[in-house]
Amino acid sequence: MARVEFVDLGQVVEAGLGMTLLEVCDAFGLPMETACGGFAACNSCRVRVIAGALSEVEDVEHPFLDDDGQRLGCQARVVGAVTVRLEPGA
Ligand code: FES
């Protein structure tokens, strides 16, 4: 388990290692948008990493990331304590 904080939502949860951030949000009833259903085909689930780390960036994420500080919530997996905020694309 690892501490996952969503600063803009004011939520801190204990999530299982290996869960995607989307799975974490689903498990705890947090509002992460998923326009493509979690298939790395939109950027509605995008987050900004404030502190900590997530799994390595997947190739499919790159078209949807503006910079190295962003991740797709449906692809990024929990590997330890991490702090993020939701940062969906337009
Ligand atoms: S839900 Fe569409 S890219 Fe993650």
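Derivation of every value follows stated rules applied to the coordinates shown; laboratory data play no part. In this text, all values refer to a predicted model and were calculated from it rather than measured experimentally. Note that we place each Cβ from the backbone using ideal geometry, even for glycine, and neighbour counts take in every protein chain shown.
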Inter-probe distance in nm under a simple model that places probes 7 Å from Cα toward Cβ, at Asp68 and Thr34: 3.0 nm
Please get the size of the charge dipole for the chain, origin at its Cα centre, with Cβ charges of +1 on Lys and Arg and -1 on Asp and Glu, quoted in debye to the nearest 20. 200 debye
Please list, short to long, the whole-number percent of alpha-carbon pairs of the chain in consecutive 5 angstrom bins beginning at zero. 3, 17, 31, 29, 17, 4, 0
Checked against the positive end of the charge dipole of the chain (+1 on Cβ of Lys and Arg, -1 on Cβ of Asp and Glu, about the Cα centre), the farthest of Ala81, Gly18, Gly38 is Ala81
Below 8 Å between Cα atoms, with a sequence gap of 6+, how large is the relative contact order for the chain in percent? 40 percent
Contour excess over end-to-end distance, with Cα ends at Arg3 and Ser55 and 0.36 nm allotted per residue: 17.3 nm
Looking only at the chain, where both bridge partners belong to it, what percent of the DSSP beta bridges are antiparallel (to the nearest 5)? 85 percent
Within the chain, which is the longest segment containing none of the GluC sites (Glu not before Pro) that sit in a DSSP loop and have at most 15 other Cβ atoms within 10 Å? 1-55
